[in-house]
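Scroll down for the structure; my scribbles are underneath it.
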Amino acid sequence: MKVSPSLLSANFADMRPDLEMINASESDYLHMDIMDGVFVPNISFGFPVMKSVSKICTKPLDVHLMIVEPQKWISQVRDCGAEIMNVHQEACLHLHSCVQQIHAAGMKAGVTLCPATPVSTLVDIIEDVDLVLLMSVNPGFGGQPFIRHTLEKTRELRALIEKTGSKAEIEIDGGVNLQTGAELTAAGADILVAGSFVFGALDPLDTIRQLKQLS
Ligand code: DX5
Ligand code: ZN
């Protein structure tokens with residue numbers, strides 16, 4: 001299993017030890033949640049913070065934009081060194097165009113669905129994306145309980161990917177721990193985001209290792 005620890009649950013007053021832990025860990029990515037207070041009822045951090053983090057973090061950046069009109073910020077995300085740019089389906093009026101522009105900027109394109117957005121809305125874009133990020137909580141906050149319907153959505157998305165021959169990976173975000181992680185693995189997930197479960201653990205390195213071992 002690939003693991004993408006979410007910086008949202010790190011110590012914002014002193015991020016360096018948390019970033020050094022991530023660098024030393026078996027994690028595959030660092031997940032970064034950008035919020036605008038409009039698309040979601042919270043504001044996290046923006047590009048200057050992301051740029052500073054990218055200078056210390058040696059893991060590829062998996063950027064999750066919870067903002068309206070994400071297509072306006074593609075070059076800024078690229079300039080922060082992002083490998084994956086995830087945009088919300090609900091925030092993009094012209095999703096196909098946005099995906100094309102993310103690719104043209106040299107990044108992998110991820111499309112994110114809120115809990116109430118059906119997998120069927122991806123039918124006409126699934127072959128063009130590198131990743132689908134399913135929200136298993138309502139976006140905006142860490143530490144919320146896992147929405148169990150995500151397991152059914154994960155199975156449905158896996159079936160759509162197999163049917164279309166899409167290369168998209170399935171990433172899940174919200175309420176991930178070892179138990180929900182094991183269920184998501186069985187349902188067909190490829191990448192697990194984990195914020196509070198990793199940064200709230202007594203031994204974050206071992207927690208990441210245990211998530212990695214899910215199969
Ligand atoms: C929530 C964010 C998540 C968050 C997950 O809107 O997208 O990435 O950090 O936090 P946990 O793992 O604590 O649910
Ligand atoms: Zn996220």
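The values are calculated or read from the model by the stated rules, or taken from the named source; none is laboratory data. All values reported here derive from a predicted model rather than from experimental measurement. No Cβ is skipped: glycine too gets one built from the backbone with ideal geometry, and neighbour counts run over all protein chains shown. Note: accessible area is taken over every heavy atom of the protein model, side chains too, but ligands, DNA and RNA are not part of it. Shrake-Rupley method; radii C 1.70, N 1.55, O 1.52, S 1.80 Å.
Within segment 31-38, is there a residue that is open to solvent by less than 10 Å² (accessible area, probe 1.4 Å), away from ligand 2 (no atom under 12 Å from the Cβ) and under 16 Å from V63 (Cα atoms)?
Checking segment 31-38: not a single residue is open to solvent by less than 10 Å² (accessible area, probe 1.4 Å), away from ligand 2 (no atom under 12 Å from the Cβ) and under 16 Å from V63 (Cα atoms).
Table: residues versus (1) within 23 Å of N138 (Cβ to Cβ); (2) within 16 Å of ligand 2 (Cβ to nearest atom); (3) at pLDDT 95 or above.
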residue: G165; (1), (2), (3): no, no, yes
residue: E169; (1), (2), (3): yes, yes, yes
residue: I172; (1), (2), (3): yes, yes, yes
residue: G175; (1), (2), (3): yes, yes, yes
residue: L184; (1), (2), (3): yes, yes, yes
residue: A187; (1), (2), (3): yes, no, yes
residue: D190; (1), (2), (3): yes, yes, yes
residue: D206; (1), (2), (3): no, no, yes
residue: Q210; (1), (2), (3): no, no, yes
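Could you give every pair whose Cβ atoms fall below 8 Å, whose first residue belongs to segment 16-39 and is free of Cβ contacts under 8 Å to residues at least 12 places away in the same chain, and whose second residue is within 13 Å of ligand 1 (Cβ to nearest atom) and of a type outside the set (D, E, K, R), counting only separations of at least 6 or pairs across chains?
Taking only residues 6 or more apart or on different chains, the pairs are G37/I43.
Please enumerate the residues belonging to segment 58-87 that are open to solvent by 10 Å² or more (accessible area, probe 1.4 Å), acidic (D, E) and either part of a strand (DSSP E or B) or out of contact with any helix residue (DSSP H, G or I) (no Cβ under 8 Å at 6 or more places or on another chain) (or both).
Within segment 58-87, E83 is the sole residue that qualifies.
Given the condition of a type in the set (S, T, N, Q), under 23 Å from V119 (Cβ atoms), touching a residue at least 24 places away in the same chain (Cβ under 8 Å) and within 11 Å of ligand 2 (Cβ to nearest atom), answer yes or no: does some residue in segment 136-153 qualify? Write out each step before concluding.
Residues of segment 136-153 that are of a type in the set (S, T, N, Q), as a first pass: 136, 138, 144, 150.
Remaining after also requiring under 23 Å from V119 (Cβ atoms): 136, 138, 144, 150.
Filter once more, so that each one left must be touching a residue at least 24 places away in the same chain (Cβ under 8 Å): 136, 138, 144, 150.
Pick out the ones that are also within 11 Å of ligand 2 (Cβ to nearest atom) and you get 136.
So far as segment 136-153 goes, yes, one or more of its residues are of a type in the set (S, T, N, Q), under 23 Å from V119 (Cβ atoms), touching a residue at least 24 places away in the same chain (Cβ under 8 Å) and within 11 Å of ligand 2 (Cβ to nearest atom).
In this structure, is I43 touching a strand residue (DSSP E or B) at 6+ places or on another chain (Cβ under 9 Å), more than 13 Å from V77 (Cα to Cα) and surrounded by fewer than 18 Cβ atoms within 10 Å (Cβ to Cβ)?
yes
Filter segment 1-25 for residues that are open to solvent by 10 Å² or more (accessible area, probe 1.4 Å) and under 17 Å from the mean Cα position of the chain (by Cα); which is nearest to ligand 2 (Cβ to nearest atom)?
Out of the qualifying residues, it is L8.
Would it be correct to say that L202 is open to solvent by 60 Å² or more (accessible area, probe 1.4 Å) and either within 16 Å of ligand 2 (Cβ to nearest atom) or over 26 Å from F39 (Cβ atoms) (or both)?
Details: open to solvent by 60 Å² or more (accessible area, probe 1.4 Å): yes; either within 16 Å of ligand 2 (Cβ to nearest atom) or over 26 Å from F39 (Cβ atoms) (or both): yes.
For L202, the condition - open to solvent by 60 Å² or more (accessible area, probe 1.4 Å) and either within 16 Å of ligand 2 (Cβ to nearest atom) or over 26 Å from F39 (Cβ atoms) (or both) - is met.
Got a number for residues in segment 2-57 being assigned to a loop (DSSP other than H, G, I, E, B) and more than 18 Å from K108 (Cβ to Cβ)?
19
State the number of residues belonging to segment 88-106 that are hydrophobic (A, V, I, L, M, F, W, C) and open to solvent by 10 Å² or more (accessible area, probe 1.4 Å).
Residues in segment 88-106 being hydrophobic (A, V, I, L, M, F, W, C) and open to solvent by 10 Å² or more (accessible area, probe 1.4 Å): 6 in total.
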